[in-house]
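The values are calculated or read from the model by the stated rules, or taken from the named source; none is laboratory data. This one's a predicted model, so the numbers in the text were calculated from it and none came from an experiment. All Cβ positions, glycine included, derive from the backbone under ideal geometry; neighbour counts span all protein chains shown. The accessibility values were calculated without ligands, DNA or RNA, using every heavy atom of the protein model including side chains. Shrake-Rupley method; radii C 1.70, N 1.55, O 1.52, S 1.80 Å.
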Amino acid sequence: MTSAGAQRILTAVQDILVERGLEDVTIRNVAAAAGLSIGAVQHHHKTKDDLIMAAMNEVSRNFIERVASAVHPEASARQNLGAVCRILGGVDDESRTASVIWLSYASKATTSSAVASAHQESWRLMEEGLTTLLRQWNPDLAEDDAAMLMALLDGLAIARVTETDRMTSERAQRLLDQHLKGLEPPSR
């Protein structure tokens, strides 16, 4: 299969996750959505779990690239931190797809050790990145400050995809700004 076919499979998994949910990610549904035969999908992904792991790896790679591209050398540490937090917290509507997919994978991580391991590694890397950004902005912050920020961002992302009337983009940004204000470095 060409790389275009492999990409169509991963895109189909993501589309099904966002539109219909994890339970509808089946070899048959993915093949239909990708416009491929069941055999073509199974050639690369023998089981549903293999398919989910491949799609999760792709989403994680794209997500990490998006977060990395939000950090600019000419921007202040606070601006870079804010940009990354907006993505991780799903504050912008463009983050919705990634947040829905991430929530699906987090759910799958409760029943699949392979997905749990990949999920834990991704969040470990994100927490390390947040720790670095936080310490660039305020060197006095502790590692637990990054963990607390991650918890807030997780909660915002979940609320943004499941409770859109209650957790608007504006409200999520306001809550994020309030939290970051509490982490500001002291005036020197």
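Numbers at a glance
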{"read-out": "FRET efficiency estimate (nearest 0.05) - Cβ-Cβ, residue 48 to residue 132, R0 35 angstrom", "value": "0.45"}
{"read-out": "Added length on full extension, which subtracts the Cα-Cα distance from 0.36 nm per residue, residue 15 to residue 187", "value": "57.2 nm"}
{"read-out": "Residues with amide H under 5 Å from that of residue 75, placed H, sequence gap 5 or more", "value": "none"}
{"read-out": "Integer Hz, Karplus 6.51/-1.76/1.60 couplings in order for segment 74-88, x for Gly and Pro", "value": "7, 7, 6, 4, 5, 5, 5, 4, x, 5, 5, 4, 4, 6, 5"}
{"read-out": "Per residue solvent-accessible surface (Å²) - segment 78-188, probe of 1.4 Å", "value": "52"}
{"read-out": "The chain, helix-only ellipticity at 222 nm - DSSP H runs n ≥ 4, -39,500 (n - 2.57), divided by all residues, nearest 500", "value": "-24000 deg cm²/dmol"}
{"read-out": "Of (1) 0.98; (2) 1.23; (3) 1.13, the label for Cα Rg over 2.2 N^0.38 Å derived from the coordinates", "value": "(3)"}
{"read-out": "Derived scalar couplings ³J(HN,Hα) [segment 17-33; Karplus, 6.51 cos²θ - 1.76 cosθ + 1.60; whole Hz; x for Gly, Pro]", "value": "4, 6, 7, 10, x, 4, 5, 8, 7, 10, 4, 4, 5, 5, 4, 4, 5"}
{"read-out": "Calculated from backbone phi, Karplus (6.51, -1.76, 1.60) coupling profile of segment 174-181 in Hz, x at Gly/Pro", "value": "4, 5, 4, 4, 4, 5, 5, 4"}
